[in-house]
Amino acid sequence: MQGFEKYYRKTWHERLEILNKHTISDEQVKILKDGAKNPELGETMIENFISEYHLPEGVALNLVVNGIEYLVPMATEEPSVIAAASHGGSIVKKSGGFKAETKSRLMIGQVVLENVSDVSEMQKELELLEKDILKVANDAHPSIVRRGGGARSVKLKILADDLLALYLAVDVKEAMGANMLNTMLEATAEFLKAKLKADVLFAILSNYATDSLVSAKCSIGVETLAKNGVDGCEIARKIAQASRVAQLDPYRAATHNKGIMNGIDACVLASGNDWRAVEAGAHAYAARSGRYRGLSTWNYDEKKQVLEGELTLPLALGSVGGSISIVPLVSVNRQILQNADAKTLGEIVCSLGLAQNLAALYALVTDGIQKGHMRLQLKSLAKSVGATADETKFLVKEMEKRKVRDSVHAKEILEEMRE
Ligand code: NDP
């Protein structure tokens, strides 16, 4: 685009001036400037920095994981998410909280070889090189070895007649590990090129982090589920049925999982971690059977009178690295999270996802999702039609009374109120 040549080399103020000249008003420049609380940091973090995008942040309450109660910082724009997480957490808290575990914590990356004339032969040659490959990978990032981590294993897979993948599993200790793994993989690729004259197509980590699986479970006494005269057993039965539907129907599974990720993404973001990586891994895992399914399952045990929930997903999270150590708000959020290490953070996040899922299913099979959701959504609607903070209170009440859910009617009521 004309006028934007070498835009990345301009200063922040120059970039805003150029935008001002081509597209945005003086007032809008002011919005960008006011939004940037720490432009120096922003410029070091990304290219073409113009401002900071802010999301509301809140804390979810009542989340008990492995006997410890956590306050969970969550950054989200969706009105009902934090209320639902706290509600789900409070139901499980009455029955002792979540039990969570980390099955393993290794990051996987791959080097893909192409134009392989005999893939079986190449596989054999690579098997013989396992020790050398581990050494090359570790030599490329000695600091992680000093921390007690490093490359652990090599696996191979024939992808096609001409394509072969090498998977490297690395203990990345407290980091998410994307950058350190990519460094190790690129060194491995160079080694394979030199040693075997192999054609390397690419070398990069995988977000399908199946060696970083985290599970959370809960067992809820059905008596705690009763609501408005509806028996807890009936609610438990319906939650289990809804969970079955998410296993059978991808249309439901996508929404079921979106509800889980509402909580997970919000905390992953607040903790300075890479939520796109977590999303990619979660959905790939949901399709591991060859069919996309709900990530969590709920089972009603009639004999024991309990509702049992379980969620397992790949969670490659870090307590150091990336933006974690450089963004001041992340340090505050880490403090709120009791400075959880990477493993504990994964267990908190997984439990939060299950709490979020429980709250959604509970609402779905009782009042319907709109009742609680809309009360909060109406506040945003009121704001979007121009209500002040004082007006919002009355407008929301009035919209609830008149069952108004759209901006045309909301505006009409606001105008009535102002007359
Ligand atoms: P970093 O590149 O920041 O590496 C981790 C850093 O943490 C290193 O500098 C390491 O120090 C330091 N560190 C301090 N203490 C420890 C410890 N106890 N254990 C481990 N490391 C420690 O981050 P990652 O390698 O974790 O990569 C994460 C970033 O990569 C994220 O920002 C992500 O968005 C991005 N990314 C993601 C991709 C994807 O998901 N596909 C692809 C590429 C990047 P030392 O050097 O001394 O070991």
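Among the conditions (1) touching a strand residue (DSSP E or B) at 6+ places or on another chain (Cβ under 7 Å); (2) crowded, with 17+ Cβ neighbours inside 10 Å; (3) of a type in the set (S, T, N, Q), Ser51 misses just one, which is (1). Scanning segment 27-82 for residues that are part of a loop (DSSP other than H, G, I, E, B), polar (S, T, N, Q) and closer than 30 Å to Lys94 by Cα gives Asn66, Thr76, Ser80. Given segment 97-176, what strands (runs of 3 or more DSSP E) lie entirely inside it while holding 1 or more residues that are surrounded by 18 or more Cβ atoms within 10 Å (Cβ to Cβ) and within 16 Å of the ligand (Cβ to nearest atom)? Passing ranges, in order: 107-114, 150-160, 163-171. Checking each residue in segment 177-194 for being within 13 Å of Lys135 (Cα to Cα) and within 12 Å of the ligand (Cβ to nearest atom) picks out Met184, Leu185.
Annotation note: of Val268, Val332, the sole residue that is under 30 Å from Pro39 (Cβ atoms) and crowded, with 19+ Cβ neighbours inside 10 Å is Val268.
Being within 16 Å of the ligand (Cβ to nearest atom) and under 28 Å from Leu225 (Cβ atoms) is true of Leu313.
The residues listed here are Leu358, Leu376; of these, the one that is at pLDDT 90 or above and either within 32 Å of the chain's Cα centre (by Cα) or assigned to a helix (DSSP H, G or I) (or both) is Leu358. Mind checking whether some residue in segment 291-310 is under 19 Å from the mean Cα position of the chain (by Cα), within 16 Å of the ligand (Cβ to nearest atom), of a type outside the set (S, T, N, Q) and surrounded by fewer than 21 Cβ atoms within 10 Å (Cβ to Cβ)? No, the conditions are met nowhere in segment 291-310. With respect to (1) within 27 Å of Lys238 (Cβ to Cβ); (2) touching a strand residue (DSSP E or B) at 6+ places or on another chain (Cβ under 9 Å), the lone exception for Gly346 is condition (1).
The values are calculated or read from the model by the stated rules, or taken from the named source; none is laboratory data. Nothing here was measured: the structure is a model prediction, and the numbers come from that model. Virtual Cβ from ideal backbone geometry, glycine too; neighbours counted across all protein chains shown.
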